[in-house]
Amino acid sequence: MSIDQYIREHHDGNPEWFVEECNSVANMQRINKIVDIKEYLSGTHVILQTPSYMYNGKEFKPRKIVLQYAKNVLNFSTSYLLSHPVTLTGQDSIVKEYKRVYKKGKYDRVDFDVLDKITKYGFVAEYVYLDENKEIKSKLIDPADSYPIYDDENNYIAFIEHYTTADNVSYYTVYYPDKVQKFSNKGSQLKLIGEYNNLSGLPIVYKNQNELDSTTGRSDLEDIFTIINSMEDLLSKFTDSFYKHHNPIPVVIGQQLKGEGINPNVVGQGIVLDDGSDFKMVSNQLDYKSFETIYKTLMTTLLDISNTPGVAMGKVDISNLSEVSIRLLYSLSDLKASMNEKYMREGMEQRFDKIRKLLELKGIWISEEAYDSLGIVFQYARPQSAKEIIDNLKVLSDMGAISIESILERSPYTNDLVQELERLKDNQMGNNTGNNVDQNDMESDDLGYDIGK
């Protein structure tokens, strides 16, 4: 279904159809959920809504301890996959061109921000374009401002970017497959303020897996925020109990004390009671062992659900670990990273197509064979023994079972494969030239010695 047909069927051909689309119930619910996630990550947690209550005849304001574990867990998931920039592989001609585009467009930072938004909100959109200097750049669209349009068969047909500024002016950027239109209601009336050719097509939509809706992703935070809420509630209540423990309740057994009872200002004086009476201070008995058990269980559950190794959060003491042991400790993180890698590849492959199209518009043609050779290599941030990796690569090289390109791709000290290959070639040419010069000098010396004789 084309976007024109979609507008006719779902909006009766209304020229302001994008306003109706943004105000639909489904889109409003999705945007509200994203805003709630933003507020949670900024520190607005459920524990802060705990009301005050009366204790010993006075208003008691309970402790409200906020734990920002969510940020640590999500940041670890992103950094584990993309703390090292991705490595582009393929024929030298296309890798050089794409590396130049990546450097000019700062795509290493773009990739990191893309995965950061995927883990936090479930999806993000990227628009590839040519700037005023004809350089290829990418713009990430805030998930809270994103409205992708899908037809009845879940085909991606259009995209809307909508936001409202502080002065209550709404802006709409509508992306069609062949054009981009910008609207604004500044001046109390919606009007077209710009129209441009769309050279790269619709924005790329990165999204993770959502069992309920294949057109949008699901935040990783939804799996763990209830656990963090329980940890905050448990810690806050135990802290209150600790302070209440230092405020015991006086209990008199027997004859009721006459007068005003116990004077709170009396220090170091005794109390005279009738025969058979008793007086004692009753306080709460803190069961810190139960608290410790419950809190540790919740922490372990949080790390397990989020695929975060306890050693990365400082919850496990380690020493003298082998490479195999480290892999076992980070096996869940590797599993999570492989899923994130899949979501990133799906979007980056679309980005490669759009970059190729824009390069051709600039007069840079890439053959089909060179484009098919283009690949991506991710380097996980798993702690590893560089010496063990290099020894294994050396053994494979001595056996003739691996190429120099593959060795450099897997080397922990190589960040730019193409640049490293060029340096090796330059070194080899320099060594060959030096050898030829030495050989000529030796022949000249020999020739002079023969003549002298």
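The values are calculated or read from the model by the stated rules, or taken from the named source; none is laboratory data. The model shown is predicted, which means the values in this text are computed figures rather than measured ones. Reconstructed Cβ throughout: ideal geometry from the backbone, glycine too, with neighbour counts over all protein chains shown. The protein model used for the area step is the full one, side chains on, heavy atoms only, and it has no ligands, DNA or RNA in it. Shrake-Rupley method; radii C 1.70, N 1.55, O 1.52, S 1.80 Å.
Summary table
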item: Distance (nanometres) between label positions extended 7 Å along Cα→Cβ at Gln181 and Lys71; result: 4.2
item: Per residue accessible area of segment 365-419, 1.4 Å probe, in Å²; result: 62
item: Extreme residue, positive dipole direction of segment 45-127, given options Val124, Phe112, Tyr53 (C-beta unit charges); result: Tyr53
item: Per-peptide average of other Cβ atoms within 10 Å, ordering 168-178, 135-145 highest first; result: 135-145, 168-178
item: Within the accessible area of segment 77-152 (1.4 Å probe), percent carbon and sulfur; result: 44
item: Linear extension gain, Phe279 paired with Lys103, 0.36 nm per residue minus alpha-carbon span; result: 55.5 nm
item: With every protein chain in place, segment 12-51: carbon and sulfur % of accessible area (1.4 Å); result: 55
item: If the convex hull is drawn through the Cα atoms of segment 96-141, its volume per residue in Å³; result: 65
item: Segment 85-175 - accessible surface per residue (Å², probe 1.4 Å); result: 42
item: Label-point gap, in nm, between Ser403 and Glu422 - each point 7 angstrom along Cα→Cβ; result: 1.9
